[in-house]
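**Student:** One structure follows; several queries about it will come next.
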Amino acid sequence: MRDRSSHGRRPHQGRYLVRALLIGCVLFTLGVVGWAAVAYATHDADPRPAQRKAAERQAGLDPGQHPNLGRYYIPEYARIQNGTAVLRYTIEGAGDSTVADFLRTHEIEGRPRTTGPTEITYTDRVDGARRTIVIAYDDPDADPTKEDVPARITVTAGPPGGGA
């Protein structure tokens, strides 16, 4: 008579399968942990996309260029087109979001010139290239000297070292 307790398998075969499965799980876990460590170590700590960061830097509006202020405005649009940085901001005109604070935060000085009924323009140089800051107020009857006025700000800056 046959012993049916092993069901036709060798007695130690089950233990080898369990060990192989456990070793496979451990190797898989180590691989995932290693992959996560490499991904974390090579991850850029700045969540802003590279295009926006490059445009801000070229326009002189990158937070790293104004480290003592501890704050900055985030553009709604920021691209480099044909070597020129173009950034657009919306200023709410309330709380911390005012035109005066934007100018102070980014250390923009000088006398603006009026370029339209609801527009003023600052022009200066950043890294030798011309930078133009156009502030367009949403309300045509708004007094731009007041801080609580909503506005749209468009900044353009030529290529670094450019003579435009």
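Every number in this text was worked out from the coordinates using simple rules, so none of it is lab data. In this text the structure is predicted, and so the values were computed from the model without any measurement. When we count neighbours, we look across all protein chains shown, and the Cβ atoms used for this are built from the backbone with ideal geometry, even at glycine.
**Student:** Can you tell me which of 56-65, 74-83, 28-37 comes out highest on packing, and rank the rest after it, using the mean Cβ neighbours within 10 Å?
**Tutor:** Top to bottom by mean Cβ count within 10 Å: 56-65, 74-83, 28-37.
**Student:** What does the charge count around PRO150 come to, taking other residues whose C-beta lies under 10 Å from its C-beta (Lys +1, Arg +1, Asp -1, Glu -1)?
**Tutor:** Summing Lys/Arg as +1 and Asp/Glu as -1 gives -3.
**Student:** Another question, if that's okay. Restricted to Cα positions, what overall size does segment 52-114 have along the principal axes? Three whole-Å values, descending.
**Tutor:** So the extents along the principal axes, rounded to whole Å, are 34, 30, 22.
**Student:** Around ALA85, with a cut-off of 13 angstrom between Cβ atoms, what is the net charge of the other residues, counting Lys and Arg +1 and Asp and Glu -1?
**Tutor:** Net charge in that neighbourhood comes out at +4.
**Student:** Right, another one. Please give me the summed charge of the neighbours of ILE120: other residues whose Cβ is under 11 Å from its Cβ, Lys and Arg +1, Asp and Glu -1.
**Tutor:** +1
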